[in-house]
């Protein structure tokens with residue numbers, strides 16, 4: 001089993017809170033955040049994943065922003081927990097790899113929460129034929145408990161919980177004016193701190 005144990009110095013450099021990791025996901029830079037992008041950049045920068053920015057995910061948040069946030073939050077917590085970071089982030093970046101707007105009123109979109117993990121897994125296999133069984137499980141089980149079978153691996157639990165956390169923050173950002181304003185202020189502070197490094 002491939003584990004990626006981080007040193008105390010590396011753990012200290014990671015955001016210390018879920019919200020800090022979420023904020024940081026909006027200020028990622030391929031050069032500065034090379035360790036993250038070395039694990040997932042080939043998938044994240046692919047046309048298939050970049051195309052997700054065309055779809056609304058949660059209110060005004062597009063699917064690519066959501067995927068990036070879930071992936072980075074999963075990265076931070078998989079590292080902190082000494083898990084298989086590579087499998088966690090590669091499963092996370094592909095967990096919502098589907099190409100339709102689930103907000104449309106078409107009847108077949110109604111069971112979206114139950115069905116989209118299968119669509120995402122199908123597309124993930126096309127994009128990455130070498131996908132691991134663990135990454136497949138992460139994608140297929142990320143909607144637990146809406147889908148009844150839980151994730152098999154700890155990394156799957158990290159991604160599933162990161163997905164729910166990020167979706168909650170995204171809904172609050174879009175629907176609660178005060179929270180959206182505070183988010184913008186905190187993001188500006190994170191971006192300014194990153195530019196000083």
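Just so you know, all these numbers are worked out from the coordinates, no wet-lab data involved. Note that this is a predicted model, so its numbers are computed, not measured. In this analysis, Cβ positions are derived from the backbone assuming ideal geometry, glycine residues included, and neighbour counts consider all displayed protein chains.
For the residues 93, 67, what sequence is obtained by ranking on other C-beta atoms within 10 Å, fewest first? Please list the in-between numbers first.
Values: 93 32, 67 25.
Placing the least packed residue first, the sequence is 67, 93.
In whole angstrom, how far apart do the alpha carbon centroids of the stretch 124-163 and the stretch 20-94 sit?
15
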